[in-house]
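S.K.: What follows is a structure written as structure tokens; I'll ask about it next.
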């Protein structure tokens, strides 16, 4: 792991310096950066374009286009994961902005997936490298309606096809409807080559899947389960590399979502207000 993870910067530093820190570390905590949704949108637009909508119908909407949202509701702990790694067109960048810090608990957890690969035994890395995952995700009407502002399965299918075409992931994805439930099967590697820093990383959804069997599910491409001993060892390594982001008002956390995983500690009280945006890196920053 980098000497400082995440890197820390101020929001008004030169953009190339912040971007350089992101490439080196995988995440940057910007201090005193944004205290309103509008400030968060202005800041994040310096780094990213083509912002996405998260399909979770329970998330609060903070912008007209729905690309600025509240984080997952509830107060329970959430395990480490890379955002939407179970779907095609995973966003490259993830931004969290703290408008109101929690009174107790509620830290965001962060783990460098490249550091996980460096810490794993060579035999495990090879086995992960050779493993293709087949993710299966289901979306009920409220989810695909929010994701694509779609009114019917026909509209949602067309929107999904358009996304696959833009992302170049049609060959790896199959999708269909059963009544009003959308099913998506997506093939992807278990290790991800970071699109910003270029390092190979364990940055996926497998660890959270182990904790939440009702969500997206993965098996190996041949239909067999992901070996439990590999998962247990990766989880133990990740736990030892995880840091807590203890929020202060105005903090914005910039994450390379193709390299790092995040989660949260259990929240005590209901004061915490964290906003999230996700999008792709501006081409001029590559």
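Every number here is computed from the coordinates shown, using simple stated rules; none is lab data. Since the structure is predicted, the reported quantities are computational estimates derived from the model, not experimental observations. Cβ: placed from backbone, ideal geometry, glycine included. Neighbour counts: every protein chain shown.
S.K.: Would you mind listing how long region 175-286 runs along its three principal axes, going by Cα atoms, in whole Å with the largest first?
M.R.: Its Cα atoms span 46, 41, 38 Å along the three principal axes.
S.K.: Hey, fewest Cβ within 10 Å first, where do 71, 252 land in order?
M.R.: Listing 71, 252 from fewest to most nearby Cβ atoms yields 71, 252.
S.K.: Can I ask one more? What's the extension gain from residue 180 to residue 154 if we count 0.36 nm per residue and subtract their Cα-Cα distance?
M.R.: Net length gain for the segment: 8.3 nm.
S.K.: Decide, for region 154-225, between rounded, prolate and oblate: order the square roots of the alpha carbon gyration tensor eigenvalues as a ≥ b ≥ c, take rounded if a/c falls under 1.5, and otherwise choose prolate if a/b is larger than b/c, else oblate.
M.R.: oblate
S.K.: Further question: Please rank 4, 278, fewest neighbouring Cβ atoms within 10 Å first, as an exposure proxy.
M.R.: Result, fewest neighbours first: 4, 278.
S.K.: Now, a different point. Using Cβ counts within 10 Å as a stand-in for footprinting exposure, how do 32, 165 rank, fewest first?
M.R.: Listing 32, 165 from fewest to most nearby Cβ atoms yields 165, 32.
S.K.: Next question, about the same structure. Given R₀ = 25 Å, FRET efficiency for residue 12-residue 211 by Cβ-Cβ distance, to 0.05?
M.R.: After rounding to 0.05, the efficiency reads 0.05.
S.K.: Related question: Can you give the Rg and Dmax of the chain based on its C-alpha atoms, in angstrom?
M.R.: Cα radius of gyration and Dmax of the chain are 18.2, 52 Å respectively.
S.K.: Can you work out D for region 116-235 in µm² s⁻¹ from Stokes-Einstein, where Rh is the Kirkwood radius over C-alpha pairs, the temperature is 25 °C and the viscosity is 0.890 mPa s?
M.R.: 154
S.K.: Considering every Cα-Cα pair within region 1-87, what fraction, in whole percent, is farther apart than 16 Å?
M.R.: Summing the P(r) of region 1-87 above 16 Å gives 65 percent of all pairs.
S.K.: According to the Kirkwood expression over distinct Cα-Cα pairs, how big is the hydrodynamic radius of region 14-53, in Å?
M.R.: Its Kirkwood hydrodynamic radius stands at 11.3 Å.
S.K.: Hey, how many Å between the Cα centroid of region 226-240 and the Cα centroid of region 72-89?
M.R.: Each part reduced to its Cα centre gives a spacing of 18 Å.
S.K.: Which of rounded, prolate or oblate describes region 1-145 when judged by the alpha-carbon gyration tensor and an a/c cut-off of 1.5?
M.R.: In terms of gyration-tensor shape, oblate.
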